[in-house]
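Quick notes on the structure that follows.
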Amino acid sequence: MTTVLTPASPLTAADRCDRCGAQAYLRVVLLSGGELLFCAHHGRKFEPELKKIAAEIQDETERLTSVPATSNDEER
């Protein structure tokens, strides 16, 4: 049997960290078929262990430091 992973949808503000409830920026698809969501802090904290059990890691932490294209010059 071959498992094909479909592209994951972007994480939204409704996606919450399974550890603390903060906004999730990482989705970890497990080899066993489940998934876990983590905030940036807990994603970094558990990264070594997660890499051992993950089929795929969707990391959107770059959104924390990017400047929206619609921001005013004073906000940049």
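The values are calculated or read from the model by the stated rules, or taken from the named source; none is laboratory data. What you are looking at is a predicted structure, and each value in this text was computed from that prediction instead of being measured. Every residue, glycine among them, receives a Cβ derived from its backbone with ideal geometry; neighbour counts consider all protein chains shown. Heads up: the accessible areas ignore ligands, DNA and RNA and are worked out on the full protein's heavy atoms, side chains in. Shrake-Rupley method; radii C 1.70, N 1.55, O 1.52, S 1.80 Å.
Here are the numbers:
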{"item": "Where ARG19, ARG63 fall by accessible area, highest first, once all protein chains stay in place (1.4 Å)", "result": "ARG19, ARG63"}
{"item": "Theoretical gain in end-to-end length, ARG19 to ALA55 [0.36 nm per residue, Cα-Cα removed]", "result": "11.0 nm"}
{"item": "Calculated from backbone phi, Karplus (6.51, -1.76, 1.60) coupling profile of the stretch 61-67 in Hz, x at Gly/Pro", "result": "5, 4, 5, 6, 10, 7, 9"}
{"item": "FRET efficiency for LEU30 and ALA69, using Cβ-Cβ distance with R0 set to 25 Å, rounded to 0.05", "result": "0.15"}
{"item": "At R0 = 22 Å, FRET efficiency that the Cβ-Cβ distance of PHE46 and ALA8 yields, to 0.05", "result": "0.75"}
{"item": "Under-5 Å amide H pairs with GLN23, H placed in peptide plane, nonlocal only", "result": "CYS17"}
